[in-house]
């Protein structure tokens, strides 16, 4: 128990550090992407923080296995470098005991990843879709810049000369809209946006202006002078047409026989399995000599991770295209890594000759 607590503490400390680095890199990239879209007027800037938080929740199931894999590798490599593993073996605590402690860490990580990938990430993905649609819709009708034409739903185009000192009231407003073949031109001295009704429908209220309505080329244009005129900025055109696979609840995927949903279900189940398999693989992979240092196997470990994750992704795509039976699915990739990790760990623990002799006896039977 003491050894297991010691290994758990070592791996946990490195895990927090590695996950923090991955989160900083990921969030920086995502923040710059959202900031670029907001600057271009395609996204409401006040929703960037909410979008980043939701995107992070949907990405944690993929970041946690990698962070735990690298944490187990680096923590065990440090123990080898400082000869602590040698001291443990001399005290009767060999590789097998250390492996049990690290496997416990992998099991805990797999449980957490399962909760993230099967429950939390789909619900957060659904909320993310709604928030993105709302952010793009609000940017469509609120991203009006003085001196530029702004187009939004239902064929509207708006031009504003300037804003008043309050930052909300638009001055010298031009609006063009096309409806059922008729064109409307609205000129107003002032305008502002407001939300009306229980569904918070957005309206642009124009004051002190004229409205010209008619068919281009005809002579029956209607000119109307108004003190106040409301234009509904309909966001219905930006409604979500269909849900992404990532936001579908896992219970619904279990009941579905569609190939793409079966592939998505296997991908979600692969994340906790791969968490345990990678941690198990890190045990023999972390063995280094004091001269090599704790980062000696890092490049090899990353190469193994990318091959493994790409194998899972390719298998999931083949299931989606019905190129392989869904019963086979992604599981050959997991079995290959688990078998390699167990064989490597057995050789590392008991020696090659003893393992080969055991295999010969088993085959001889």
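The values are calculated or read from the model by the stated rules, or taken from the named source; none is laboratory data. Computed from a predicted model, the values in this text were never measured in an experiment. A quick note on method: Cβ atoms are made from the backbone with ideal geometry, for glycine too, and the neighbour counts reach across all protein chains shown.
Annotations
- On inspection, residue 15 fails the criterion of being surrounded by fewer than 16 Cβ atoms within 10 Å (Cβ to Cβ) and modelled with pLDDT of 85 or more.
- Annotation: of all residues in region 66-88 being out of contact with any helix residue (DSSP H, G or I) (no Cβ under 7 Å at 6 or more places or on another chain) and assigned to a helix (DSSP H, G or I), the one that is modelled with the lowest pLDDT is 86.
- Residue in region 337-358 that is modelled with pLDDT of 80 or more, over 28 Å from residue 257 (Cα atoms) and exposed (fewer than 12 other Cβ atoms within 10 Å of the Cβ) present: yes
- Number of the exception - residue 145 against (1) in the same structural domain as residue 214 (by TED's automatic domain parsing); (2) at pLDDT below 80: (1)
- Screening residue 46 against (1) in a helix (DSSP H, G or I); (2) touching a helix residue (DSSP H, G or I) at 6+ places or on another chain (Cβ under 7 Å) leaves a single unmet condition, (2).
- Wholly enclosed strands (runs of 3 or more DSSP E) of region 166-222 bearing at least 1 residues over 45 Å from the mean Cα position of the chain (by Cα) and modelled with pLDDT of 80 or more: 182-196, 201-214
- Filter pass, residue 53 being in the same structural domain as residue 351 (by TED's automatic domain parsing) and at pLDDT 85 or above: yes
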